[in-house]
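The block underneath contains the structure these notes are about, expressed in structure tokens.
The values are calculated or read from the model by the stated rules, or taken from the named source; none is laboratory data. Remember, predicted model here, so these are calculated numbers, not experimental data. Cβ atoms come from the backbone with ideal geometry, glycine included; neighbour counts cover every protein chain shown. With ligands, DNA and RNA removed, areas are computed over all heavy atoms of the protein, side chains included. Shrake-Rupley method; radii C 1.70, N 1.55, O 1.52, S 1.80 Å.
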Amino acid sequence: MNKKTPSFYPVILAGGRGTRFWPLSRKRRAKQLLALDSRQTMIQQTVARLLRLAPSKSFWIITNADLHREITRQLPRLNRKQILAEPVGRNTAPAIGLAAFLLLRTNPDAVIGLFPSDHVIADEPRYRDTVARGIKIAAAGENIVVLGIRPTRAETGYGYIEVGASFDGKAQPVRRFTEKPDARRAEEFVRAGNYFWNSGMFLWSARTLAGALSEHLPETASLLEQIAAAFGTSRFAATFRRLYPRCENISIDYAVLEPRSLKGQAASNIFCLPADFGWNDLGSWTALHEHQIGRQKPPHGNLITASGLFTLNAQGNYIHSPGKFVAVVGVSNLVVVETDDALLITSRENAQDVGKVVKYLDEKKLHKLI
């Protein structure tokens, strides 16, 4: 007799501010709500590629009060009651943990998938095949599955996953997680051949995740359980506002994955599944430029959004100035982004630092610009 196909519930985390995409990304219209590489916004693309694996009623979105209305508008097919706005940001462990305790009450064997809302996937059929394989592994026991990206460079901005030395393309027990290494260690990891980038995409049953949080983060787990118990009642909003700020501000990596991996490969039940489907987290204007260059291959590597343009001896520039004629003469590797109230000028090399502009604006209380 065939086993019943496990229920699958995608949980999409959509509370980030996307500060490195300022000035387009703002507090009330963050990166995940922008159409950066297609006609659909990032979160619309995320939902669309997962709808082949789960019905719209199974989706949960965790966001914040600033973005809640726009996300609800952009995703009209989803259940509004399952688009939750955190009273305060508490990182990924409480966010995904709340979903686990909510589902634990109704479907403890359901498989939860944790997905960022702002990643780009080039090969969607292969992506869905990979996720489907991960769902089966997660449903087979108290297993945690992380999608690992085969590294193409010694990247210091990602966490790494170490697996057994004989990685053969199948799910492999995880040895350990390493957060954002320095350049020397990143180069060692790439040379070793048994390290993968941590994509931030995970799969586990509601029972497994709730149990792991109760073991490794017991006080926060108790609070989340109380919040979940109030869901669907008149007490939910007040309970959420009162208890959620008391949850620990910690990522799921630090809260569960790293301490659980210390139990050793045999006991941790954490598996890395290789994810070769053209993944890009679009972490900066530079990453967006590189991504679009690979798809469009424009002359001299210039990506320019304008009503008209002229270029001369210009290479590798990213310029966004819709509605204006843009002339680019004798410059290379610039990032220029214009909005009605702000202008960003930086180099592709320094685009990672754009988030510091938002920090400055926060400190100076220039709220209209953030």
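Kindly check whether there is at least one residue in the range 126-142 that is at pLDDT 95 or above, assigned to a strand (DSSP E or B) and farther than 21 Å from V190 by Cα. Within the range 126-142 (the criterion being at pLDDT 95 or above, assigned to a strand (DSSP E or B) and farther than 21 Å from V190 by Cα), the answer is no, since none of the residues qualifies.
Just the residues that are under 23 Å from I293 (Cβ atoms) and hydrophobic (A, V, I, L, M, F, W, C), please, taken from the range 344-367. Selection gives L344, I345, A351, V354. Tell me, yes or no, whether the range 297-315 has at least one residue that is in contact with a Lys or Arg (Cβ under 9 Å, 6 or more places away or on another chain), part of a loop (DSSP other than H, G, I, E, B) and under 19 Å from R20 (Cα atoms). Within the range 297-315, none of the residues are in contact with a Lys or Arg (Cβ under 9 Å, 6 or more places away or on another chain), part of a loop (DSSP other than H, G, I, E, B) and under 19 Å from R20 (Cα atoms). When the range 245-261 is limited to residues that are part of a helix (DSSP H, G or I) and closer than 17 Å to N64 by Cα, the one that is nearest to the chain's Cα centre (by Cα) turns out to be P245.
Just a yes or no: is a residue in the range 70-89 at pLDDT below 95, buried (at least 23 other Cβ atoms within 10 Å of the Cβ) and within 17 Å of the chain's Cα centre (by Cα)? No, every residue in the range 70-89 fails to be at pLDDT below 95, buried (at least 23 other Cβ atoms within 10 Å of the Cβ) and within 17 Å of the chain's Cα centre (by Cα). Remark: pairs (first residue in the range 2-31, within 17 Å of A95 (Cα to Cα); second residue open to solvent by 20 Å² or more (accessible area, probe 1.4 Å) and basic (K, R); Cβ separation under 7 Å; 6+ apart in sequence or on different chains) = R17/K27. From the set of residues in the range 324-370 that are free of Cβ contacts under 8 Å to residues at least 40 places away in the same chain and part of a loop (DSSP other than H, G, I, E, B), which is nearest to T305 (Cα to Cα)? Top of the filtered list is K324. Q352 meets the conditions (1) surrounded by fewer than 18 Cβ atoms within 10 Å (Cβ to Cβ); (2) of a type outside the set (K, R); (3) at pLDDT 95 or above in every case but one. The failed one is (3). Screening K170, K136 for residues that are over 30 Å from N64 (Cβ atoms) and crowded, with 16+ Cβ neighbours inside 10 Å leaves exactly one candidate, K136. Within the range 262-283, is even one residue farther than 30 Å from I370 by Cα, assigned to a helix (DSSP H, G or I) and of a type in the set (S, T, Y)? Yes, some residue in the range 262-283 is farther than 30 Å from I370 by Cα, assigned to a helix (DSSP H, G or I) and of a type in the set (S, T, Y). In the set L98, L103, L147, which member is under 30 Å from A237 (Cβ atoms), open to solvent by less than 30 Å² (accessible area, probe 1.4 Å) and out of contact with any Asp or Glu (no Cβ under 9 Å at 6 or more places or on another chain)? Of the residues listed, the single one that is under 30 Å from A237 (Cβ atoms), open to solvent by less than 30 Å² (accessible area, probe 1.4 Å) and out of contact with any Asp or Glu (no Cβ under 9 Å at 6 or more places or on another chain) is L103.
Condition first: closer than 25 Å to G355 by Cβ, at pLDDT 95 or above and acidic (D, E). Can you find one or more residues in the range 286-296 that meet it? Within the range 286-296, not a single residue is closer than 25 Å to G355 by Cβ, at pLDDT 95 or above and acidic (D, E). Taking the listed residues I304, I293, I319, I252, the one that is surrounded by 15 or more Cβ atoms within 10 Å (Cβ to Cβ), of a type in the set (A, V, I, L, M, F, W, C) and touching a residue at least 40 places away in the same chain (Cβ under 8 Å) is I252, with no other qualifying.
Based on what the data block shows, is F177 open to solvent by 10 Å² or more (accessible area, probe 1.4 Å), among the aromatic types (F, W, Y) and touching a Gly at 6+ places or on another chain (Cβ under 7 Å)? Yes, satisfied. Residues of the range 56-67 that are open to solvent by less than 60 Å² (accessible area, probe 1.4 Å) and within 19 Å of the chain's Cα centre (by Cα): S58, F59, W60, I61, I62, T63, N64, D66, L67. Would you pick out the residues in the range 255-270 that are open to solvent by 50 Å² or more (accessible area, probe 1.4 Å) and either modelled with pLDDT of 95 or more or touching a Ser or Thr at 6+ places or on another chain (Cβ under 9 Å) (or both)? Hit for the range 255-270 is L262, nothing else. Just to be sure I understand, how many residues within the range 322-349 are of a type outside the set (D, E, K, R), closer than 22 Å to D37 by Cβ and either surrounded by 12 or more Cβ atoms within 10 Å (Cβ to Cβ) or in contact with a Phe, Trp or Tyr (Cβ under 8 Å, 6 or more places away or on another chain) (or both)? The number of residues fulfilling the criteria is 12.
The set of residues in the range 1-21 that are surrounded by fewer than 24 Cβ atoms within 10 Å (Cβ to Cβ) and more than 20 Å from M201 (Cα to Cα) comprises M1, N2, K3, K4, T5, T19, R20.
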